[in-house]
Amino acid sequence: MKTTIYSIYILMMVSFFSACGQQENRERKGATSTDVDMITNNTIKQAFEAWQRGNSKLWLSFFTKDARLYDDGKLRDFHKFSTHAIGEEWFISLDKIEDNGLSIYGKIHTKKWGDFKTYFKFRINDQGKIYRLDIGQADY
């Protein structure tokens, strides 16, 4: 009986440390904290950090309930995008920040499409919530 409990404990610990290592590897591939420091708008910075960590609940907390998403100019379902893309896509570099920290350009990694240059352009209302996000492939 003690051997079985000990074996289960060892298996759980191995699984735990393996999972921690996988998360750490993913974060090392992402944009560095130095890159994130380039984002001067605090709301956008916090939303971006939530995106990078794959935390959809925190990400969504920065947006209005009726936030709109435009992907290369086409209206898409913002909530569906947010819940499906988070954890599957992340920035691997930030190349430039414009519009007082509201526009982010960089290289993104997606499990489905690979790596490419992209932009995220945010619009914030008077209450400090993001009400619109424009995304798309960037050419710079």
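Bear in mind that the values in this text are calculations on the coordinates, not laboratory data. Note that the coordinates shown come from a computational prediction; the quantities given were computed from them, not determined experimentally.
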task = Please figure out what share of the DSSP beta bridges in region 33-140 is antiparallel and state it in percent, rounded to the nearest 5.
result = 80
task = Mind listing the long-range amide H neighbours of residue 54? Cut-off is under 5 Å, sequence gap 5 or more, other chains count too, H placed in the peptide plane at 1.01 Å from N.
result = 87
request  = Mind checking the full-extension length gain between residue 46 and residue 75? Use 0.36 nm per residue of separation minus the Cα-Cα distance, one decimal, nm.
outcome  = 8.0 nm
Relative contact order (%) - criterion: Cα under 8 Å, at least six apart; region: region 63-140 = 32
Added length on full extension, which subtracts the Cα-Cα distance from 0.36 nm per residue, residue 115 to residue 61 = 16.7 nm
Reciprocal of mean inverse Cα separation for region 31-137 (Kirkwood radius, Å) = 13.6
request  = Label region 87-130 by shape, choosing from rounded, prolate and oblate, from the square roots a ≥ b ≥ c of the eigenvalues of the Cα gyration tensor; if a/c is under 1.5 it is rounded, and otherwise prolate applies when a/b is larger than b/c, oblate when it is not.
outcome  = oblate
